[in-house]
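Presented below is the structure to which this report refers.
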Amino acid sequence: MLNLNIIETADLIGAEIIGNKELKISGLNRIENAQSGELTFFYNEKYKKYLEITNASVIIVPANCEYIPNENQALLRVDEPYQKFVQLLIWLNNRKPHKQKFVHSTAVIGNNCQIDESVYIGAYCVIGDNCKIGKNSYLHSNISIYDNTEIGENCKINANVTIYEDTIIGNNCVIHSGVVLGSDGFGYLENKDGSYTKIPQLGNVILENDVEIGANTTIDRALVGNTILRKGVKLDNQIQIAHNCEIGEHSAMAAQVGISGSVKVGKRNRFGGQTGISGHIEIADDVILFAKSGVPKSIEKSGLYFGSPIREKMQAFRIEAVIHNLPELAKDVKLIKKKLEIENNK
């Protein structure tokens, strides 16, 4: 349970207090679920209906909000309520105790490893030979790290992650449970008899600084060379990145995106859920793909795209509108055809 002083909280986020300044904050919640003692936030007009009925004691609101709090409430007026709420979350998260300097007795560490003494290694971790782990990194339980892997400083590797050999992870990275880094790319030669010969995958995976990988995501090692996620890339859960891809810095992808081999994604891209990208293409900087888009060829200019195959957003929406009206159009065509037949038979 939290125990925050409203005045100190207002100072932290640069807010003006309107209402009861004696309140204590015992928790955080969404505006529709908040109870007495809890802090919430309001920034979107579609939640306005909750503003007057919420039980929250403290509400972060826009600076121009005209709502008058009751005697057991206070408003924290700021320019950007959601951003200030996030600022508060970051501050609270940074106050959590951070375990350091511990290696569980069940952990297995290979030969010739360089592991900073500040690193936390949880139960049943297995670390291969010639691995490096930087300062203040944290490994939860049941993590398997193959030989010749490098992990930078201040990284958090959650339980049940598997990291194959030669993977390089930068500083401040977060890897969530179930992630597999460096598994073999999907590479085979098809033989004349229909069988397959496996092509050895001898490259690796590189994550630059500040990358976060969601649960059960898989990133394949390169055939040769590197599969690279540039700095600041953020991936949601259950994403597949194939061999030899390069994902540009500060790009983000929602769940179940699938990217085929040898794709080069530009900087600051945003991909909606279940987007699929064909292999061996390039995508420009500052591209936004709406959910369930299919990309069969390179995108050469920034913009918003949608559909399968993708088109510029407004064109795709116009096509969707026409498709939506097809049953009515079909009826109209049938009537016109019938009238023409009658005219022709006169």
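The values are calculated or read from the model by the stated rules, or taken from the named source; none is laboratory data. These numbers come from a predicted model, not from an experiment. Here Cβ is always computed from backbone atoms with ideal geometry, including for glycine, and neighbour counts include all displayed protein chains.
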When you scan region 243-266, how many residues do you find that are within 13 Å of ILE299 (Cβ to Cβ) and surrounded by fewer than 17 Cβ atoms within 10 Å (Cβ to Cβ)? 1
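Condition check ((1) in contact (Cβ under 8 Å) with a residue 12 or more places away in the chain; (2) under 26 Å from the mean Cα position of the chain (by Cα); (3) not in a helix (DSSP H, G or I)) across all residues:
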site: THR9; (1), (2), (3): yes, no, no
site: LEU12; (1), (2), (3): yes, no, no
site: ILE17; (1), (2), (3): yes, no, yes
site: GLU22; (1), (2), (3): yes, no, yes
site: ASN33; (1), (2), (3): no, yes, yes
site: TYR43; (1), (2), (3): yes, yes, yes
site: TYR47; (1), (2), (3): yes, yes, no
site: THR54; (1), (2), (3): yes, no, yes
site: ILE59; (1), (2), (3): yes, no, yes
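This table checks each residue for (1) modelled with pLDDT of 95 or more; (2) touching a Ser or Thr at 6+ places or on another chain (Cβ under 9 Å); (3) closer than 17 Å to ASN244 by Cα; (4) surrounded by fewer than 18 Cβ atoms within 10 Å (Cβ to Cβ).
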position: HIS140; (1), (2), (3), (4): yes, yes, no, no
position: ILE145; (1), (2), (3), (4): yes, yes, no, no
position: THR149; (1), (2), (3), (4): yes, yes, no, no
position: ASN158; (1), (2), (3), (4): yes, yes, no, no
position: THR167; (1), (2), (3), (4): yes, yes, yes, no
position: LEU181; (1), (2), (3), (4): yes, yes, yes, no
position: ASP184; (1), (2), (3), (4): yes, no, yes, yes
position: LYS198; (1), (2), (3), (4): yes, no, yes, yes
position: LEU202; (1), (2), (3), (4): yes, no, yes, yes
Closer than 15 Å to GLN114 by Cβ and acidic (Asp, Glu): which single residue out of GLU153, GLU165 fits that description? GLU153
Take region 147-166 and flag every residue that is more than 20 Å from TYR124 (Cβ to Cβ) and assigned to a loop (DSSP other than H, G, I, E, B). ASN148, GLY152, GLU153, ASN154, ASP166
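Each row is one residue, and each column tells you yes or no for (1) of a type outside the set (A, V, I, L, M); (2) within 19 Å of VAL86 (Cα to Cα).
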| residue | (1), (2) |
| --- | --- |
| LEU12 | no, yes |
| ALA15 | no, yes |
| GLU22 | yes, no |
| ILE25 | no, yes |
| ASN33 | yes, yes |
Go through the residues of region 252-265 one by one and say whether even a single one is among the polar types (S, T, N, Q), under 28 Å from LEU202 (Cα atoms) and under 20 Å from the mean Cα position of the chain (by Cα). yes
Name the residue that is surrounded by the fewest Cβ atoms within 10 Å (Cβ to Cβ), counting only residues in region 300-346 that are assigned to a loop (DSSP other than H, G, I, E, B) and small (Gly, Ala, Ser). SER308
Among what's in region 204-223 and is among the aliphatic types (A, V, I, L, M) and more than 21 Å from the chain's Cα centre (by Cα), pick the residue that is surrounded by the most Cβ atoms within 10 Å (Cβ to Cβ). ALA222
Inside region 184-217, the number of residues satisfying the requirement of being free of Cβ contacts under 8 Å to residues at least 12 places away in the same chain and within 28 Å of ASN237 (Cβ to Cβ) is 1
Failed condition for VAL78, given (1) surrounded by fewer than 21 Cβ atoms within 10 Å (Cβ to Cβ); (2) at pLDDT 95 or above: (1)
With respect to the numbered conditions (1) closer than 15 Å to ASP220 by Cβ; (2) without any contact (Cβ under 8 Å) to a residue 40 or more places away in the chain; (3) of a type in the set (Asp, Glu), which one is the sole condition not fulfilled by ASP166? (2)
Which of the following residues is modelled with pLDDT under 95 and either closer than 16 Å to LEU235 by Cβ or not β-branched (Val, Ile, Thr) (or both): GLY279, GLY303, GLY307, GLY266? GLY307
